[in-house]
Amino acid sequence: MSLHLYDTRTRRVRLFEPLRPGHVGVYVCGPTVQSGPHVGHLRSAVAFDLLRRWLLASGYAVTYVQNVTDIDDKIIVNADRESISVWELATRETRAFDDAYRSVGILPPTIEPRATAHIPEMHALIARLMAGGFAYEGDGSVWFRVGRYADYGALSNQRPDAMQASPEAEAGKADPRDFALWKASRPGEPAWDSPWGPGRPGWHLECSAMAGKYLGQVFDIHGGGLDLVFPHHENERAQTVCMTADHGGLPAEPEMARYWMHTGLLTTGGTKMSKSLGNSYFVSDVLAQVRPQVLRYHLLSAHYRSTLEFSAATLAESAAAYDRVETFVRNALDILGGPETASALAAEAPAAPARPAPRTRGKGKGVRGAGGGLSAETPAGGAGAGLASPAAAWAAFAESLDDDLGIARALAALFGAVGQGNQVLAKAHSRELAGWVVVARRMLAVLGLDPVEQWPAAGAELRPALDGVMEIVLDLRSSARARRDFAEADSIRARLAAADVVVDDTPEGQRWHLA
């Protein structure tokens, strides 16, 4: 099948068709750098990293734009609280976010624009809206006229007449639903000159200006967290569409983004994780307790549109699940002699017909494929059940991700491949084992979880020395068996097992791998 994605605006899963064949433009709302990142920020970032990796694996070229909001009311308040400049705070927290993204293997954006570097573009956008009658000036601020745009509320599925008034109840606003495009300066705040007086941009205006500059006024995918649908993305859409309108008020182009994608919330104790609620787990604190690949696995383990609970118990389940996959990959490569040998052996294996699991597409509402991931005890069911070959495993994995990034069935295909590989791990079926470990790593690369390329083992530089020591130990065990001192041979094997080193006796001799 071809890629299908859920579009928030139309509220259905649609066939993905980019504006330009072979190329995808993606704009994702990045952080407002008011303070350090918590794992709720990473939930959305990891989900869109999966989308990007799958687009790349599917053969698309991707321009991925993620902005940084470096001027905002909360940034100003927090900088004042610390008695530092806004620029110092924003720079420090931008670096903290970059470090957090890098720590869990998120690919860097193609372009990472900052709001404060795009003031001229924002001025031009405001001027066009005012010329079309969609914006007006009042007491040094400029406001968007919500009542002028008939389709306002379509993205968030709301009626304008039923909406509550905006909290921006400032002087000069004609309608309580209107929102600020340009905010008049207040004493002590950063300000930029403009045709309407000194001030700073409104939050919603920033993204319209930056998305338009780097991707065009209409582009493929706009993403962000579910909490951004209203008012942020609703307002972005309104001002961008109206900017392209003629002076008669009729939009020349009905959309800003052809697909709007939103990730579900991360909760703790059933409550949305939020700095304002004081229930945030900061990334630095979590990574002091678990490995970053385990955190990434956990954030991927539920469908991107579903709610994901974050707790010590759910993290432990994810750690056990990822450990199962990682152990198989490392042990299989140890037996086969490394990634290059495994790839060569897999290429020599005869191709078996791919038999992906039957696929059913739901017609209704809600999140298809949503739900938790797989624990270490999860059987290879669903898309991973009865896989006839590595090719069948990959077909099931690909089909699952093509169905709105269906992670549950994709993980089932991965664990199915791991289960099949474990069955031949201790046998002399090198080509068969190579096929399973190569396809497992191919899946893990898409998930950003390959334990070889992306997450090399700690102490990898000591591996040559360990190989030499194990060769000596196994020679001692062979000598004991040759002189029929089986008690000594068993003792060596038991002591190695106590150190989590497993020794297998195969027709080709002794083999060892880490437990």
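The values are calculated or read from the model by the stated rules, or taken from the named source; none is laboratory data. All of these numbers come straight from a predicted model, not from anything done at the bench. Neighbour counts are summed over all protein chains in view; Cβ atoms, including those assigned to glycine, are modelled from backbone coordinates with ideal geometry.
Please specify each residue of region 197-218 satisfying the condition of being over 16 Å from H118 (Cβ atoms) and either of a type in the set (V, I, T) or surrounded by 21 or more Cβ atoms within 10 Å (Cβ to Cβ) (or both). Once the filter is applied, which keeps residues that are over 16 Å from H118 (Cβ atoms) and either of a type in the set (V, I, T) or surrounded by 21 or more Cβ atoms within 10 Å (Cβ to Cβ) (or both), region 197-218 yields only V218. Screening H38 with (1) outside the structural domain of S208 (by TED's automatic domain parsing); (2) within 30 Å of T271 (Cβ to Cβ); (3) at pLDDT below 95 gives one miss only, at (1).
Taking the criterion of being crowded, with 17+ Cβ neighbours inside 10 Å, modelled with pLDDT under 95 and in contact with a helix residue (DSSP H, G or I) (Cβ under 8 Å, 6 or more places away or on another chain), the residues of region 245-271 that qualify are P251, E255, M256, L265, L266. Applying the criterion of being assigned to a helix (DSSP H, G or I) and not aliphatic (A, V, I, L, M) to the residues of region 100-117, the residue that is farthest from D49 (Cα to Cα) is T116. Quick one: in region 276-306, of everything that is hydroxyl-bearing (S, T, Y) and either at pLDDT below 95 or closer than 19 Å to Y101 by Cβ (or both), which residue is surrounded by the fewest Cβ atoms within 10 Å (Cβ to Cβ)? This residue is S276. For region 180-201, the tally of residues that are at negative phi, of a type outside the set (A, V, I, L, M) and in a loop (DSSP other than H, G, I, E, B) stands at 10. Close contacts from region 93-111, counting a first residue that is within 14 Å of V62 (Cβ to Cβ) and a second that is among the acidic types (D, E), with Cβ to Cβ under 9 Å and a gap of 6+ residues or different chains, come to I106/D49; L107/D49; P108/D98.
When A135, A180, A131 are checked against the criterion of being over 23 Å from F282 (Cα atoms), loosely packed, with under 15 Cβ neighbours inside 10 Å and of a type in the set (G, A, S), a single residue qualifies: A131.
Of all residues in region 30-66, those being surrounded by fewer than 24 Cβ atoms within 10 Å (Cβ to Cβ) and assigned to a loop (DSSP other than H, G, I, E, B) number 8. Residues that are outside any helix (DSSP H, G or I) and over 18 Å from D323 (Cβ atoms) were ranked within region 428-452; the one that is farthest from the chain's Cα centre (by Cα) is A428. Being part of a helix (DSSP H, G or I), at pLDDT 50 or above and not acidic (D, E) is true of A383. Within region 310-331, residues that are within 20 Å of G421 (Cα to Cα) reach partners that are of a type in the set (G, A, S) and crowded, with 23+ Cβ neighbours inside 10 Å with beta carbons closer than 9 Å, at six or more positions or on different chains, in the pairs A321/G373; V325/A440; F328/A417; F328/G421; F328/A440; V329/G421; V329/A440.
So, in region 453-465, of the ones that are assigned to a helix (DSSP H, G or I) and closer than 19 Å to L336 by Cβ, which residue ends up modelled with the lowest pLDDT? Among those residues, the one meeting the criterion is A460.
For (1) in a loop (DSSP other than H, G, I, E, B); (2) within 21 Å of H298 (Cβ to Cβ); (3) of a type in the set (A, V, I, L, M, F, W, C); (4) at pLDDT 90 or above, each residue gets a yes or a no:
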| site | (1), (2), (3), (4) |
| --- | --- |
| A426 | yes, no, yes, no |
| D467 | no, no, no, no |
| E471 | no, no, no, no |
| D475 | no, no, no, no |
| S479 | no, no, no, yes |
| A494 | no, no, yes, yes |
| V503 | no, no, yes, no |
